[in-house]
Amino acid sequence: MVRENKVIIAQMDEVVRQNKAIIAQKDEIERRYRTAVAEAEALRRSIETIRKSVSWRASMPIRAAGRVVRMLAGQSLREAGSVLTAALPKRNIPDGAGAAPVGQSGRGVAILTRLPFFDPDEYRKVNAEVAHADPLEHYWNFGRAECRSFISSIGAARVIARYNHCVDAKVRFPYLDRAQTPEVSLCTHLRVALLTGSRGNYYMDEIADHIAHGLRDLRVTAIRSNETFQDLDAVDYVIIIAPHEFFRPETPELTPEFWKTALSSPKVSVLNTEQLQTPYFARSLPYILQAKKVIDLNYQMAAMFQDAGLDTLYYLPGYIENSTSYPQLPELPRHPLTEGLPKAVWDYSLDRDDLAERPIDITFVGKASPIRNEFLAGNNIFFAPRLCQINYRQRNELMPSGSFTAEMPCLNSAIARRSKIVLNIHRDGVGYFEWMRVVCQGIWQKAVVVSNPCLAHPIFKPGTHFFEESLSRIPKLLAWLLDTEEGRAEADRVRRAGFETLVKHCPLRASTVALLGFLQAEPARGPGFGLPAQVNSAWNWGQRDAT
């Protein structure tokens, strides 16, 4: 026993040492970030001073002439390059691989400069092996096809920080203002296909099913399928959910040839589910740029796409009372994840609405990440005496729909409906407002949501509709909410305010009306971010080319 205790103490000391190292790294990153911000501000002031100077204004005609000369010289070089390319022997590479067609590179570079999150310096930083190349040219000609990452986590955080507000949300997306919600027109003739990847995660099906429910509530025909659906003539619109899983760029041979060109059809839109700092977003971006219209579940990403010139809708998977994805199940489903729960959980009646009577103290659902590992391991003493349902998946792999995952949305909702607190810990340092966890699994179930800091949301506010606190202080907040009379009263007030706001300001009907209006509106740009369809079809769909 003594030897085992020594081993445990040694392991705990190692964990403490690692935590200190992580904290030191975090402090260093924050220091570098503050320095970078200060340098950027100083540079901005210097540029502004130069632009206001007399010499800068006086030299404007000279600079304009220089741009014309460079443009003409570039055109001559491109023409010479096309002749030289035609004379060279053809490489044995798949059709569509390699660079974009001649004459489109300059146009593509102009497109990239409009993306708020594409920074040439960041591209060099995360792609050191091609640092010698022009970042804009390289990404457009090769990086898109290779689904290369183009931004670091810190770079993504800087970009997102500029969009971490919602002051213009109702101007960007008027349906968020309930006073401007349009009347429902007769749409019973419409047919909309909602497609997810057959090899993708089950929660993409959860999103698609919820959208389908909203469409059917308006008597629109909603067709649920996957990449095997190829009859565009049979529908009015197609929405591809999570393009990085639908097209699977790492296994392009599994994507039907039909969709490699059909993505540019005016009928097809894509719904992005991924966060900017992740490799999954890097896989999604080429398909987003090719699609006619873009839908996003995150407000900040939707605002970025809109500022870049894409036809974009910020979509709220709103509330509906008789939801099939988040039903109020009177009995807890039998499932391997619920078998170990005590009798009090199984006997709990949904007729009660007293938060204190809910048998589960804290619920958390998520996939393993370093931040979550540190938080859960570092607070195990706090969680141990309480009844907690922690569904924490260690393996980093897809969870496709199947016998085990088919009931997961309903199961997570049923557990949350029997929990006092739904805990949300972001997987990394960029705190996206994760609608499916914060709202669908928390506020919708009339539970108290506690999260580390989130990005701003147009409707739900911390302190009013949910609780927000730093990771180091979350245990104290949880203890106050669970163990004190004042905390329990505040918890009950906040969770009721959250649910009332969800019902009043986020009805699925309004979101669906906005979605249909968005799909039917004439787009302001051509297929593929203004590119002609033949350019899009020439992309190298996932095949890596030696560059």
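What follows draws every value from the coordinates through simple rules; no lab data is involved. All values derive from a computational prediction rather than experimental measurement. Please note: Cβ atoms are built from the backbone with ideal geometry, for glycine as well, and neighbour counts cover all protein chains shown.
Using alpha carbons only, how many angstrom separate the centre of the range 257-324 from the centre of the range 329-376? Going from one Cα centre to the other spans 32 Å.
Mean separation of Cα pairs under 8 Å and 6 or more residues apart, divided by the residue count, gives the range 343-506 a relative contact order of 21 percent. Among the chymotrypsin sites (Phe, Trp or Tyr not before Pro) in the range 116-211, none is located in a DSSP loop while being surrounded by at most 14 other Cβ atoms within 10 Å of its own Cβ. Cα centroid separation, the range 141-163 to the range 408-472: 26 Å. For K476, a cut-off of 16 angstrom between C-alpha atoms picks up these aspartates and glutamates, skipping any fewer than 8 places away in its own chain: D361, E468, E485, E486, E490. Among the listed pairs K260/K292; K260/K293; K292/K504, those whose Cα-Cα separation exceeds 21 Å are K292/K504. Mean separation of Cα pairs under 8 Å and 6 or more residues apart, divided by the residue count, gives the range 226-309 a relative contact order of 29 percent.
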